[in-house]
Amino acid sequence: MGSQTTSADLEVLSLLPSYEGKTVLAIGEGIVHLTGELAKKAGEVLAVEFTGSITNETENNVKFISVDVSSPSLDISPGTIDLIFANSLFAHLSDNEVEKMVQSIAKWLKPGGFICFVETCLNNTANQGQNNLIHCCDPKYYSKVFKECRVKDESGNSYELSVVGGKCHENKICWKWQKVGSEEDKGFQQFLDTVQYKARGILRYERIFGSGFVSTGGIETTREFVSKLDLKPGQKVLDVGCGIGGGNFYMAEKYNVEVVGIDLSINMISIALERAVGLNHAVEFAVADCTTVTYPDNSFDVIYSRDTILHIQDKPALFRSFYKWLKPGGKVLITDYCRSAGTPSPEFAAYIKQRGYDLHDVQAYGQMLRDAGFDEVIAEDRTDQFLKVLEKELAAVEKEKERFIADFSEEDYNDIVGGWKSKLVRSSSGEQRWGLFIAEKATKN
């Protein structure tokens, strides 16, 4: 037990949520040799090899179960498991069996419990003829099955599975989902996913900004701004408000850095993981609120954020966290919506309130970074560049009007065009600004 545990196995196990002293169900291909590592922290480990080929035995806090996972004889009491770790399980099941297994998993988990699973997924070069016993699925399929899962306990309480994050390397994705109450108040996150960043709305934005992007200028501004960071191979980057991952993929591929992307929108993270399949470099994503998430001091070489922090009311507190999370000599780069100094017009004030934004003028924004402890703060008004990008993006979508309408709808087209024209008016008037901020943490405190 526990022999032949590879560095890749340990990396996957490092992605698991805390399971110290808890009940863990390990299930799937080759799972037996990982039980020794799991048992070091878990209170109890139930290990099920999906072929049902192992012998029934119990050793220390590990119990081996020999049974076909699709068999009704795999009897686990509802609400008794804290963490389920599944390795290459679903690729050995039919679609119908996958859906039934996900339902079972949701029932077995305690409320608040996690399911982490690793699967090889399809990309454009996948060869389905390699093994007739294995069918790799498009990651969208797994997202759909897990999102649509609903179960009830004996008291009639309804639960669902919510994506927490994951990591992708080439064609293999490790997903992390949590069992949550269907009626739980998800606050601002629910607003983002049901109003501002619906899945369809995200895809509309991506059509404007380019594949993988939901921020101004897409790949062009990303290339320009990332070039200012002097990234080196092996450095670690935190992308706050990573969207659907375009900037993460670019930095990982171009500079060979390790990127962790966080976003409060579940829809954004789901799409990011789906888009990561086939990349040569590993990228990690997490559904997280940057105002409450914690990282050890000196964790990152760079913190990067594009058009996101306008949502944050207490920017000084966030910037103090950035300062702590950065290593000495580390850099932060932010682009964000700003406003002109002085009192905004009633119309612009109403817009800010309706969107729930917290906007400051460019210099005040830069001062908040200085107050958080950063040195050599650059605060640039890039509104002229913003206007040029908006005009270019608007012209492109108007040129492909019929195609856009065919892929979405005329209502979607009018909504996007109207939104871009409104941004042009607000920015041309000088009320809405766009700032670029670069700050460095001193090499010595």
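Residues are listed down the side, and each one gets a yes or a no for (1) open to solvent by less than 20 Å² (accessible area, probe 1.4 Å); (2) modelled with pLDDT of 95 or more; (3) small (Gly, Ala, Ser); (4) farther than 29 Å from Gly329 by Cβ:
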site	(1), (2), (3), (4)
Glu148	no, no, no, yes
Gly181	yes, no, yes, yes
Tyr197	no, no, no, yes
Gly217	yes, yes, yes, no
Lys232	no, yes, no, no
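Limited to the range 255-300, what total is found for residues that are within 19 Å of Leu318 (Cα to Cα) and assigned to a loop (DSSP other than H, G, I, E, B)? So that I can check it myself, show each step before the final result.
Initial filter on the range 255-300 (within 19 Å of Leu318 (Cα to Cα)): 260-265, 286-300.
Add one more test, that the residue is assigned to a loop (DSSP other than H, G, I, E, B), and what stays is 264-265, 288-299.
Adding up the residues that qualify gives 14.
Counting just the residues of the range 23-68 that are of a type in the set (Ser, Thr, Tyr) and either modelled with pLDDT under 90 or closer than 13 Å to Ala86 by Cα (or both), which one comes out surrounded by the fewest Cβ atoms within 10 Å (Cβ to Cβ)?
If we filter the range 23-68 for residues that are of a type in the set (Ser, Thr, Tyr), which is where we start, we get 23, 35, 51, 53, 55, 58, 66.
Subset that is either modelled with pLDDT under 90 or closer than 13 Å to Ala86 by Cα (or both): 35, 51, 53, 55, 58, 66.
Working: Thr35: 25, Thr51: 14, Ser53: 9, Thr55: 6, Thr58: 8, Ser66: 14.
Checking each candidate, the answer is Thr55.
Does Gly373 count as touching a residue at least 24 places away in the same chain (Cβ under 8 Å) and part of a loop (DSSP other than H, G, I, E, B)? Please lay out each step first, then the result.
Details: touching a residue at least 24 places away in the same chain (Cβ under 8 Å): yes; part of a loop (DSSP other than H, G, I, E, B): yes.
When the stated conditions are applied, Gly373 passes them.
Taking the range 68-105 on its own, how many of its residues are charged (D, E, K, R) and under 23 Å from Asp153 (Cβ atoms)?
So the answer is 4.
Please enumerate the residues belonging to the range 106-146 that are of a type in the set (A, V, I, L, M) and either at pLDDT 95 or above or under 20 Å from Glu274 (Cα atoms) (or both). Can you show your working first?
Initially, the range 106-146 is screened for residues of a type in the set (A, V, I, L, M), giving 106, 109, 115, 118, 122, 126, 133-134, 145.
Passing the criteria: Ala106, Leu109, Ile115, Val118, Leu122, Ala126, Ile134, Val145.
Please specify each residue of the range 330-343 satisfying the condition of being closer than 14 Å to Gln432 by Cβ and either in contact with a Leu (Cβ under 8 Å, 6 or more places away or on another chain) or of a type in the set (Lys, Arg) (or both). Show your work before the answer.
Restricting attention to the range 330-343, the residues satisfying the condition of being closer than 14 Å to Gln432 by Cβ are 335-342.
Once the filter is applied, which keeps residues that are closer than 14 Å to Gln432 by Cβ and either in contact with a Leu (Cβ under 8 Å, 6 or more places away or on another chain) or of a type in the set (Lys, Arg) (or both), the range 330-343 yields Thr335, Asp336, Tyr337, Cys338, Arg339.
The values are calculated or read from the model by the stated rules, or taken from the named source; none is laboratory data. Predicted model, so just to flag it, every value in this text is computed and none were measured. Quick reminder, even Gly has a Cβ in these numbers, built from the backbone with ideal geometry, and neighbours come from all protein chains shown. What goes into the accessible areas is simple: the full protein's heavy atoms, side chains included, and nothing from ligands, DNA or RNA. Shrake-Rupley method; radii C 1.70, N 1.55, O 1.52, S 1.80 Å.
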